[in-house]
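Peer 1: Next up is a structure, given as C-alpha cells.
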Amino acid sequence: MTDRYLLVLDEGTTSTRAMLYAPDGRRIAMAQAELTQYYPQPGWVEHDAAEIWTRTRDCARQMVERAGGADRIAAIGITNQRETVVAWDRRTGEPLAPAIVWQDRRTTAQCAALRDAGHEAMLQQRTGLVVDPYFSASKMRWLIDNVPAVAQAGDRLALGTIESWLVWKLTGGLHVSDASNASRTQLVALDGTDWDPALCDLFGVPRAALPEIVDNAGAFGETLAALFGGAIPIRGLAGDQQAASIGQACLTPGDAKATLGTGAFILANMGAQLPASRHRLLGTLLYRIGDQRIYALEGSIFIAGNLIKWLRDQLGLIGSAEETEALARSVPDSGGVLMLPALAGLGAPHWRPDVNGVIAGLTQGSTRAHIVRAALESLSHQLSDLATAFAADGAPWRQLRIDGGMSANDWIAQDIADMLDVSVDRPADVETTALGAAMLAGLGAGLFRSLNEAATMAGKTIRFDPAMLPQPRDARLSAWHRLRDRTLAS
C-alpha cells in the first residue's frame, strides 16, 4: 500500500467535483463547482463542454495542492454523467456545439421513427437498451444533422461522452471511452468489445469519430505536466451509476443499489450473465476488466433530486433541499396530494418521453408541506414500479443499498424501506460514485489485486428497516397506480 492519494474527478449533471481519497477509503478533501444548465427549448437540456472542462480542471488543481503536489497523487479516477454527448475538433480541442445532456428529449421523433421501422426489438436484444432519446447515439446523429460546424468537421470530428472529453483534455489528445460508458451509447452490442458497424450505420454515426473502447481499470495515459505541476496517471474510468455500484460493493450477483441524485438509478448485479429484460428494464455492462465482463440490470428514473431543485427554483416552495425533511414530518400524510414527476418524461419501466408531470388532489386545505411530502413520496412510488419489474425479470431486491445526495434525508430512506418492504442500507459517506472511481483507480494503479480487495475502501452503513403496515402501504400504492395509469392513458 502507498501513502499517496487517489484523485477522483466526479463530473455530474449539476456540478463537478474533485475528491481526494486515501487508499484505505478515507475521503480527505473535496472541491466542487456548479455547472450551468441551459434549456434553450422545451425538452432540451444542454451544458457548455468548455465550462465542464475548466471547472473540473480548477477543482482538480485545488485537490492536487491539498495533496502536496502532483507527485503525491498515485492515480486519477474519473466518473461522469452518462449518455451526455460532446462533439469537438481534434485539431483545436475545442467543442463544436453545446453538449447534449442525458435528460434531453429533442430526438423523440427520431426515436419514434426507429420504433415505427421495427428496430426496437433488435436494438434491445443487441444492446440491452430500449429506443429512447436518453441514450447517446441519437444525440450524436442530431448534432451531425443540425449543427453545421459538426457536419462540416470531416476527419476533424471527435465524438464522445464526458469521460472521453475529460481524458482528451487532460492528456492533450488521447481519445478513449471506457466500456461502461460505451455500453450506454446504443452503438455497442452487450456481448461486443468494440463499436458495432451495423449499429453505427443504423444511427448514422461515423465510426472514425468515436473513441477507442478501453477497460474500466488500466493505464489510460497521463495528464499533461503543465496542468498540475507534473504528470499524473489516469487509471480508472466508469459511468457514474456503474461507479456507484462498485463503491457500494455490489460485486455479487443479486446485489442492488439505488443512487438518488439528479435522477434515480437502480442497478442489480447479474454477474457474467447477459441480462435480458421482458419488462422494459435495461441491460448494461457493469464493468470490464481484462477478460472479466460483469453485467447489470438497470432501471432509470429521470427526475429525483432535480424535483427538489424544481420545488426550490421554479415554485419557490422551499429555500433549500434540507427543508424537505422537516416539512415532510410536519404533516401526517400528503393530505391526498399526489405527484407524478414526469418533468422529463417517464423512464423505466414505462419509457414515455411524451408524458408531462402532474400534481393531483389539491384542495383549499393543501399546504406547501403536503406538496413537498407528495414530491418525496413520488420517489418511493416510482421505485415500487421498478421493484415489481426487477422481480418479474428474476432479480428481486433482497435489500437495497442507497447513496447519492437525496439518500442523506432520513425520511426518504425510511419511506423507501416502508414502501418497498425491504431493508435499506445507506453508507456513512453517501458519495459512493466517487468512491467507486477511487477503487477502480487504485486497482488500475496496482494498489489492489482485485475489486473485492479494493472494496475494503467502503465504510460502515446505516440500516433502515420497514415499519409500515400493509394497509397504508397498499392504499398509497393504489392511489399512485390510479394516477399513473390515468396519465399514461391520456
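The values are calculated or read from the model by the stated rules, or taken from the named source; none is laboratory data. Model, not experiment: these values are computed from the prediction. Methodologically, a virtual Cβ is constructed for each residue, glycine included, from the backbone with ideal geometry; neighbour enumeration extends over all protein chains shown.
Peer 1: Looking only at the stretch 325-348, how many residues end up being crowded, with 17+ Cβ neighbours inside 10 Å, free of Cβ contacts under 8 Å to residues at least 60 places away in the same chain and in a helix (DSSP H, G or I)?
Peer 2: Number of matching residues: 1.
Peer 1: It is to be established whether one or more residues within the stretch 445-453 are crowded, with 21+ Cβ neighbours inside 10 Å and basic (Lys, Arg).
Peer 2: no
Peer 1: Still on this model: Filter the stretch 454-490 for residues that are among the polar types (S, T, N, Q) and either surrounded by 12 or more Cβ atoms within 10 Å (Cβ to Cβ) or in a strand (DSSP E or B) (or both) and give the result. Walk me through it before giving the result.
Peer 2: First, the residues of the stretch 454-490 that are among the polar types (S, T, N, Q): 456, 461, 471, 478, 487, 490.
Matches in the stretch 454-490: 456, 461, 487.
Peer 1: Of the numbered conditions (1) buried (at least 20 other Cβ atoms within 10 Å of the Cβ); (2) in a loop (DSSP other than H, G, I, E, B); (3) of a type outside the set (Val, Ile, Thr), residue 377 satisfies every one except a single condition; which is it?
Peer 2: All conditions pass for residue 377, except number (2).
Peer 1: From 48, 104, 24, 10, which residue is under 21 Å from the mean Cα position of the chain (by Cα) and modelled with pLDDT under 95?
Peer 2: 104
Peer 1: Got at least one residue in the stretch 205-222 being more than 25 Å from residue 46 (Cα to Cα), of a type in the set (Phe, Trp, Tyr) and in contact with a Gly (Cβ under 9 Å, 6 or more places away or on another chain)?
Peer 2: yes
Peer 1: Taking the stretch 265-322 on its own, how many of its residues are in contact with a Gly (Cβ under 8 Å, 6 or more places away or on another chain), surrounded by fewer than 20 Cβ atoms within 10 Å (Cβ to Cβ) and either of a type in the set (Asp, Glu) or in a loop (DSSP other than H, G, I, E, B) (or both)?
Peer 2: The qualifying residues number 3.
Peer 1: What's the total number of residues in the stretch 178-212 that are of a type outside the set (A, V, I, L, M) and part of a loop (DSSP other than H, G, I, E, B)? Steps first, answer last, please.
Peer 2: Quick first cut of the stretch 178-212, residues of a type outside the set (A, V, I, L, M) only: 178, 180-181, 183-186, 191-197, 200-201, 203-204, 206-207, 211-212.
From what's left, part of a loop (DSSP other than H, G, I, E, B): 183-186, 191-196, 204, 206, 211.
Residues in the stretch 178-212 being of a type outside the set (A, V, I, L, M) and part of a loop (DSSP other than H, G, I, E, B): 13 in total.
Peer 1: Counting residues that are surrounded by fewer than 16 Cβ atoms within 10 Å (Cβ to Cβ), of a type outside the set (Val, Ile, Thr) and in contact (Cβ under 8 Å) with a residue 24 or more places away in the chain, which strands (runs of 3 or more DSSP E) fully inside the stretch 1-87 reach at least 1? Steps first, please.
Peer 2: Numbers: elements: 5-11, 15-21, 27-34, 73-80.
In the stretch 1-87, the matching strands (runs of 3 or more DSSP E) lie at 27-34.
Peer 1: Condition first: within 21 Å of residue 266 (Cα to Cα), of a type in the set (Gly, Ala, Ser), outside any helix (DSSP H, G or I) and more than 19 Å from the chain's Cα centre (by Cα). Can you find one or more residues in the stretch 431-453 that meet it?
Peer 2: Scanning the stretch 431-453, I find no residue that is within 21 Å of residue 266 (Cα to Cα), of a type in the set (Gly, Ala, Ser), outside any helix (DSSP H, G or I) and more than 19 Å from the chain's Cα centre (by Cα), so the answer is no.
Peer 1: Might you check whether a residue that is touching a His at 6+ places or on another chain (Cβ under 9 Å), of a type in the set (A, V, I, L, M, F, W, C) and part of a helix (DSSP H, G or I) occurs anywhere in the stretch 213-231? Give the derivation first.
Peer 2: The first filter runs over the stretch 213-231 and keeps only residues touching a His at 6+ places or on another chain (Cβ under 9 Å), leaving none.
The answer is no, given that none of the residues of the stretch 213-231 is touching a His at 6+ places or on another chain (Cβ under 9 Å), of a type in the set (A, V, I, L, M, F, W, C) and part of a helix (DSSP H, G or I).
Peer 1: Quick one: in the stretch 232-250, which of the residues that are in a loop (DSSP other than H, G, I, E, B) and either at pLDDT below 95 or within 15 Å of the chain's Cα centre (by Cα) (or both) is surrounded by the most Cβ atoms within 10 Å (Cβ to Cβ)? Even if it seems obvious, please write down each step before you answer.
Peer 2: Step one: filter the stretch 232-250 for residues in a loop (DSSP other than H, G, I, E, B), giving 232, 248-250.
Restricting the remaining residues to those that are either at pLDDT below 95 or within 15 Å of the chain's Cα centre (by Cα) (or both) gives 248-250.
Numbers: 248: 28, 249: 23, 250: 24.
Only one residue fits best here, namely 248.
Peer 1: Another one. Report every pair of residues separated by at least 6 positions or lying on different chains whose Cβ atoms are under 6 Å apart, first residue within the stretch 305-324 and under 14 Å from residue 405 (Cβ atoms) and touching a residue at least 60 places away in the same chain (Cβ under 8 Å), second part of a loop (DSSP other than H, G, I, E, B) and among the hydroxyl-bearing types (Ser, Thr, Tyr).
Peer 2: Partner pairs satisfying both residue conditions: 305/262; 306/262.
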